[in-house]
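Structure, as structure tokens:
The values are calculated or read from the model by the stated rules, or taken from the named source; none is laboratory data. A quick note: this is a predicted structure, and the numbers were derived from the prediction, not measured. All Cβ positions, even for glycine, are placed from backbone atoms using ideal geometry, and neighbour counts span all protein chains on display. Accessible surface is based on the protein model in full, side chains and every heavy atom, while ligands, DNA and RNA are left aside. Shrake-Rupley method; radii C 1.70, N 1.55, O 1.52, S 1.80 Å.
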Amino acid sequence: QVQLVESGGGLVQAGGYLRLACAASGRTFSTYAMAWFRQAPGKEREFVAAISWRDFTLYADSVKGRFTISRDNAKNTVYLQMNSLKPEDTAVYYCAGRPFVYATNHHDYDYWGQGTQVTVSS
């Protein structure tokens, strides 16, 4: 069983930055692919970024070049560095985990955090 806890959300002006963190419990974190999804009010949950257990990364086109996903296995933590934020990035951001290989469909993930709100003002 893996428990995930996100932190780092908040209110930021357009063009600003935030770094989200997701701390995982358990001793198998290094064998998990981790991902960030987001959900805006009235919208479907959408894929943002993922990192495999071998550190391969994948990004949604909407965030490519602005967001960076990384992991620190010694700290059981995955990060999402978000730069050049836009109002359309406003959403609740969730971290998710599944064994080894990442996926872009949220139904394929076994473990979820509670979410952290990111609000970007124009």
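Test residue 75 against the stated conditions and say whether it is within 22 Å of residue 14 (Cβ to Cβ), modelled with pLDDT of 95 or more and not aromatic (Phe, Trp, Tyr). The answer is no for residue 75.
Looking at residue 42, is it within 13 Å of the chain's Cα centre (by Cα) and at positive phi? Criteria not met by residue 42.
Pick from region 24-38 the residues that are more than 11 Å from the chain's Cα centre (by Cα) and in a strand (DSSP E or B): which of them is farthest from residue 99 (Cα to Cα)?
Filtering region 24-38 down to residues more than 11 Å from the chain's Cα centre (by Cα) leaves 24-33.
Still in the list and also in a strand (DSSP E or B): 24, 32-33.
Numbers: 24: 13, 32: 4, 33: 6 Å.
Looking at residues that are more than 11 Å from the chain's Cα centre (by Cα) and in a strand (DSSP E or B), I get 24.
Could you pull out the residue among 49, 24 that is more than 15 Å from residue 7 (Cα to Cα), out of contact with any Asp or Glu (no Cβ under 9 Å at 6 or more places or on another chain) and crowded, with 17+ Cβ neighbours inside 10 Å? Give the steps one after another, and end with the answer.
On the way: 24 fails: more than 15 Å from residue 7 (Cα to Cα).
Only one candidate passes the filter, namely 49.
Remark: pairs (first residue in region 1-24, among the polar types (S, T, N, Q); second residue open to solvent by less than 50 Å² (accessible area, probe 1.4 Å) and not in a strand (DSSP E or B); Cβ separation under 9 Å; 6+ apart in sequence or on different chains) = 1/25; 1/26; 3/25; 3/26; 3/113; 13/85. Residue 54 meets the conditions (1) open to solvent by 30 Å² or more (accessible area, probe 1.4 Å); (2) free of Cβ contacts under 8 Å to residues at least 60 places away in the same chain; (3) assigned to a strand (DSSP E or B) in every case but one. The failed one is (3). For region 27-46, a residue qualifies if it is open to solvent by 70 Å² or more (accessible area, probe 1.4 Å) and either out of contact with any strand residue (DSSP E or B) (no Cβ under 9 Å at 6 or more places or on another chain) or within 17 Å of residue 107 (Cβ to Cβ) (or both), and the qualifying residues are 27, 42, 43, 44, 46.
Just to be sure before I move on: is residue 17 buried (at least 19 other Cβ atoms within 10 Å of the Cβ), of a type in the set (Phe, Trp, Tyr) and either at negative phi or out of contact with any helix residue (DSSP H, G or I) (no Cβ under 8 Å at 6 or more places or on another chain) (or both) in the structure I sent? The answer is no for residue 17.
Looking only at region 66-85, filter to residues that are out of contact with any strand residue (DSSP E or B) (no Cβ under 6 Å at 6 or more places or on another chain) and in contact (Cβ under 8 Å) with a residue 12 or more places away in the chain; which one of those is most open to solvent (accessible area, probe 1.4 Å)? First the steps, then the outcome.
Quick first cut of region 66-85, residues out of contact with any strand residue (DSSP E or B) (no Cβ under 6 Å at 6 or more places or on another chain) only: 66, 72-75, 83-84.
Narrowing the set further to residues that are in contact (Cβ under 8 Å) with a residue 12 or more places away in the chain leaves 66, 73, 75, 83-84.
On the way: 66: 32, 73: 64, 75: 131, 83: 63, 84: 65 Å².
Among those residues, the one meeting the criterion is 75.
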